[in-house]
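> Mind looking over this structure? Questions follow.
What follows is calculated from the coordinates using simple rules that are stated; it is not laboratory data. Just so you know, these numbers come straight off a predicted model, no measurement behind them. Note: ideal-geometry Cβ built from the backbone for every residue, glycine included; neighbour counts use all protein chains shown.
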Amino acid sequence: MAVSASAATPAYRKLTRLHRTLGAMSQLWLGPDHLMHVQSTGYTESYRRFYLRDIQCMLVVHTGRRAYLALTLGAIALIMVAFMTLGGSGPVGFGILAAVFLPLFLWNHLLGPGCRVVLITAVQQENVAALSRLPKTRRVLGELRTLIEAAQADLAVAPVAAPAAPVADTGTTPPIPPPLPPSLPPS
């Protein structure tokens, strides 16, 4: 009995568009019971599979990506304005400059604040480059949260061990843990 090719391969749904960085591309796909993180350099591809039942945490850290990109675009535009002023460029030149840089500023602002996502399992930590802007990250994590909770619902809860015998007081206090990072602002 022959098995069809579509029955043997799991159906994947794309969670993120292709995210390009300097020299690399990244994408996140959702399988029936796992996430697939695809990274490519143009010459090589790597595939990382994370089963939903194994995911312990997806850590979201704010970055200054939007501000850095805006400052870089602004600096380039100012340098071009300085050269155009020295060269005696007319209003048409300044109009072309505005037509090039204004959409880039607007696009950068509308994408939202930057972030970095680290996916944590029991045995590894993976930086998910495909999730680099906060609105997209919130949308994807909102969708994944219910799937992860459903996949981990049947995991057995470990019984609570009996309390340990009290330890003799040595006169020293344990070190104070560092403060927690600030929470994400509401969307």
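> Work out the FRET efficiency for Met84 and Tyr43 from their Cβ-Cβ distance, taking R0 = 30 Å, and round it to the nearest 0.05.
Details: r = 40 Å, r/R0 = 1.33.
So, using R0 = 30 Å, E works out to roughly 0.15.
> Another one. Please work out how much length the chain gains when fully extended from Arg138 to Leu111, using 0.36 nm per residue of separation minus the C-alpha to C-alpha distance, in nm with one decimal. Could the numbers behind the result be given before it?
Details: separation 27, 0.36 × 27 = 9.72 nm, distance 1.25 nm.
In short, 8.5 nm is gained.
> Among Trp29, Trp107, which comes first, then next, by fewest other beta-carbon atoms within 10 Å? Mind showing how you got there, number by number?
Values: Trp29 18, Trp107 10.
Exposure proxy ranking, most exposed first: Trp107, Trp29.
> What's the local net charge at Met25, with K and R +1, D and E -1, over the other residues with C-beta under 11 Å away? Display every interim value, and only then the final one.
Values: positive: Arg17, Arg20; negative: Glu45.
Summing Lys and Arg as +1 and Asp and Glu as -1 gives +1.
> Rank these for me by crowding, Leu22, Leu110, Leu144, Leu134, going from fewest to most other beta carbons within 10 Å.
Values: Leu22 4, Leu110 10, Leu144 19, Leu134 22.
By the 10 Å Cβ count, ascending, the order reads Leu22, Leu110, Leu144, Leu134.
> Measuring from the lowest to the highest alpha carbon on each principal axis, how far does the stretch 65-110 reach, largest first, in angstroms?
34, 16, 7
> Please give the contour-minus-distance gain from Ile76 to Asp154: 0.36 nm per residue of separation, less the Cα-Cα distance, rounded to one decimal in nm.
Full-extension gain reported as 22.6 nm.
> Compute for the chain: radius of gyration divided by Kirkwood radius, i.e. Rg/Rh, restricted to C-alpha atoms, rounded to two decimals.
Using only Cα positions, Rg/Rh for the chain is 1.15.
> Go ahead and estimate [θ] at 222 nm for the chain from helices alone: -39,500 (n - 2.57) per DSSP H run with n ≥ 4, summed, over the residue count, rounded to 500.
Mean residue ellipticity, 222 nm, calculated: -11500 deg cm²/dmol.
> Can I ask one more? Please report, in debye to the nearest 20, how large the charge dipole of the chain is about its Cα centre when each Lys and Arg carries +1 at its beta carbon and each Asp and Glu carries -1 there.
In total the dipole reaches around 620 debye.
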